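J.: Quick one: the structure is below, and I'll ask about it shortly.
Throughout, read-outs are computed from the coordinates displayed, never taken from laboratory work. From a predicted model like this one, the values you see are computed outputs, not experimental measurements. Backbone-built Cβ (ideal geometry, glycine too); neighbour counts: all protein chains shown.
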Amino acid sequence: MGKTIINKAFFGKSNCLKVTLSEERDLYLHFGVPMNGNTKQGDEWIWKKVKMNDDELGDIINVLEHRKDSISFFHEFHGDKTSININRKEQFLFIKAKDITKSLSEAEQRVLLELLRYAILRMNMSL
């Protein structure tokens, strides 16, 4: 496995959304909750990892840019099915995978937007 190009975590009080892009041009959203319900540093986390393609990232950008109010994706990998729903309410963006819902502030949304734009370019470049 190559190096990680993007590795951004959006931590909340009871969950986390991570965005990773590998040198192999694979982008994953990781949805995490602390194993024991505690977010202290060093505690174990349970993660749900979902590989995203560039079209799906484009749809997420459309929500971030207020062109769409919501989107939904369905992923299946080795029999593990995941529904991802993204919608906005007032100034917050909500991303839900299975039973984990992560809200992002306006500032976090801006960071996510820029990371996704960059990721789409990298995913489609030959280096």
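J.: As a footprinting exposure proxy, order SER105, SER22 by other Cβ within 10 Å, with the fewest listed first. List each step's numbers first, then the result.
T.: On the way: SER105 13, SER22 16.
Ranked by crowding around the Cβ, least crowded first: SER105, SER22.
J.: How much net charge surrounds ASP80 when only other residues with a Cβ under 12 Å from its Cβ are counted (Lys, Arg +1; Asp, Glu -1)?
T.: In short, +4.
J.: So which trypsin sites (Lys or Arg not before Pro) in region 20-103 end up in coil per DSSP with only 14 or fewer other C-beta atoms within 10 Å?
T.: LYS40, ARG67, LYS98
J.: Among [x] 12, 35, 23, 16, 10, 4, 0; [y] 15, 51, 32, 3; [z] 12, 44, 36, 8, 0, which is the computed P(r) over Cα pairs in 10 Å bins from 0, in percent?
T.: Only one listed value fits the structure, namely [z].
J.: Take the alpha-carbon centre of region 73-114, take the same for region 19-38, and report the distance between them in whole Å.
T.: Region 73-114 and region 19-38 have Cα centres separated by 12 Å.
J.: For HIS78, HIS66, HIS30, what's the fewest-to-most ordering of other Cβ within 10 Å of each Cβ? Write down the numbers at each step before the final one.
T.: Values: HIS78 4, HIS66 8, HIS30 17.
Least to most surrounded, the residues fall as HIS78, HIS66, HIS30.
J.: Cα to Cα, under 26 Å, and not fewer than 8 places away if on the same chain: which lysines meet these conditions relative to LYS102?
T.: Straight-line reach from LYS102, under 26 Å: LYS8, LYS13, LYS18, LYS40, LYS48, LYS49, LYS51, LYS68, LYS81, LYS89.
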